[in-house]
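Before I ask anything, here is the structure I am working with.
The values are calculated or read from the model by the stated rules, or taken from the named source; none is laboratory data. The model shown is predicted, which means the values in this text are computed figures rather than measured ones. Glycine gets a Cβ as well: all are built from the backbone with ideal geometry, and neighbour counts include every protein chain shown. Heavy atoms of the whole protein, side chains included, go into the accessibility calculation; ligands, DNA and RNA do not. Shrake-Rupley method; radii C 1.70, N 1.55, O 1.52, S 1.80 Å.
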Amino acid sequence: MASDSSFDIVSKVDKQEVSNALNQAQKEVAQRYDFRGVGAEIDFSGEKILIKANSDERALAVLDVFQSKLVKRGISLKSLDAGEPYASGKEYRIEVSIKEGIAQDDAKKISKIIREEGAKGVKATIQGDELRVTSKSRDDLQDVIALLKGKDLDVDLQFTNYR
C-alpha cells in the first residue's frame with residue numbers, strides 16, 4: 001500500500017437538529033405549569049440562543065429543558081457554551097451559543113495527544129478549524145480514533161473522510 005490513508009477530525013453541529021430542539025423546548029416551556037407566570041422563554045436571536053425568566057433558578061430550569069431536548073436529538077452538550085445567569089432589568093437572562101469547529105488551542109492539544117500517544121508513523125496537521133490525520137497504516141488510524149474517543153476532551157469530535 002503505497003499511498004497514505006487519512007481522516008479528518010471535525011467538530012460540527014447539525015443546525016436543523018438544534019432548531020428542532022429549540023422548538024421543542026419552546027413548546028414545553030409554554031405548556032409546563034411550573035413555568036406559568038414567571039416570564040420564562042427561550043428564543044433564537046442571531047447567533048445566540050437567549051433564555052429569559054424572572055429568577056435565575058427558573059432561567060437555569062429552562063436551560064435544563066433545552067439541554068435535555070438537545071441530548072434526545074443526539075447533539076453533544078460539549079458543543080453548547082452557556083453563560084451564567086445575569087440580571088437584566090427585572091428578568092434574568094442566559095446567553096447560549098453553539099460551538100462549531102475546533103479552536104486552535106484545542107487542535108494543538110489533540111495534535112500533541114496523537115504525537116505522544118499514537119503510533120509512530122501517524123501525522124496530524126491543523127487545517128483551519130479541523131485536523132487531518134495521515135498514516136501509511138489504516139490500523140494506526142483506527143487506533144488514533146479509539147485513543148481520541150477514550151479521552152475526555154472539551155470538544156465534541158467527529159471523524160470524517162476516512163480513506
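Just how many pairs of Lys in region 71-143 have C-alpha atoms closer than 24 Å, counting pairs that are eight or more places apart or on different chains?
Total qualifying Lys-Lys pairs in region 71-143 comes to 19.
Can I ask one more? Could you list the trypsin sites (Lys or Arg not before Pro) in region 2-43 that lie in coil according to DSSP, counting only those with at most 15 other Cβ atoms within 10 Å of their Cβ?
Answer in residue order: Lys12, Arg32, Arg36.
I'd like the distance between the alpha-carbon centres of region 11-52 and region 68-127, rounded to an integer number of Å.
Going from one Cα centre to the other spans 20 Å.
Skipping prolines and chain starts, which residues have an amide H placed within reach, meaning under 5 Å, of the one on Gly101, given they are 5 or more residues away or on another chain?
Ser11, Lys12
How about region 22-76: which GluC sites (Glu not before Pro) there lie in a loop by DSSP and see at most 13 other Cβ atoms within 10 Å?
Those that pass, being in a loop and sparsely packed, are Glu47.
While we're looking at this one, here's another question. Below 8 Å between Cα atoms, with a sequence gap of 6+, how large is the relative contact order for region 57-130 in percent?
Details: 57 pairs, mean separation 16.2, N = 74.
The normalised contact order for region 57-130 reaches 22 percent.
Carbon-plus-sulfur fraction of the accessible area of region 60-163, 1.4 Å probe, in percent?
The value for region 60-163 is 45 percent carbon and sulfur by accessible area.
Relative to the Cα centre, what is the charge dipole magnitude of the chain, using +1 at the beta carbon of each Lys and Arg, -1 at the beta carbon of each Asp and Glu, and rounding to the nearest 20 debye? Could the numbers behind the result be given before it?
Working: 27 positive and 29 negative charges, 67 e Å.
My answer is approximately 320 debye.
Find, among the trypsin sites (Lys or Arg not before Pro) in region 105-143, those assigned to loop by DSSP (not H, G, I, E, B) with at most 12 other beta-carbon atoms within 10 angstrom. Intermediate values should be presented prior to the final figure.
Working: sites: Lys108, Lys109, Lys112, Arg115, Lys120, Lys123, Arg132, Lys136, Arg138; in loops: Lys120, Lys136.
In loop regions of region 105-143 (DSSP not H, G, I, E or B), the sparsely surrounded trypsin sites (Lys or Arg not before Pro) are Lys120.
With a Cα-only, solvent-free Debye model of region 1-47, what are the log10 I(q)/I(0) values at q = 0.22, 0.23, 0.32, 0.33 Å⁻¹?
-0.86, -0.89, -1.15, -1.18
Which one, Ala59, Phe7, Gln127, projects farthest toward the positive side of the charge dipole computed for the chain from Cβ point charges (K/R +1, D/E -1)?
Comparing the listed Cα positions along the dipole, Phe7 ranks first.
Residue-wise, which Karplus ³J(HN,Hα) couplings in Hz belong to region 124-133, taking 6.51 cos²θ - 1.76 cosθ + 1.60, θ = phi - 60°, and x for glycine or proline?
Karplus values, whole Hz, x for Gly and Pro: 10, 10, 7, 10, x, 9, 9, 10, 10, 10.
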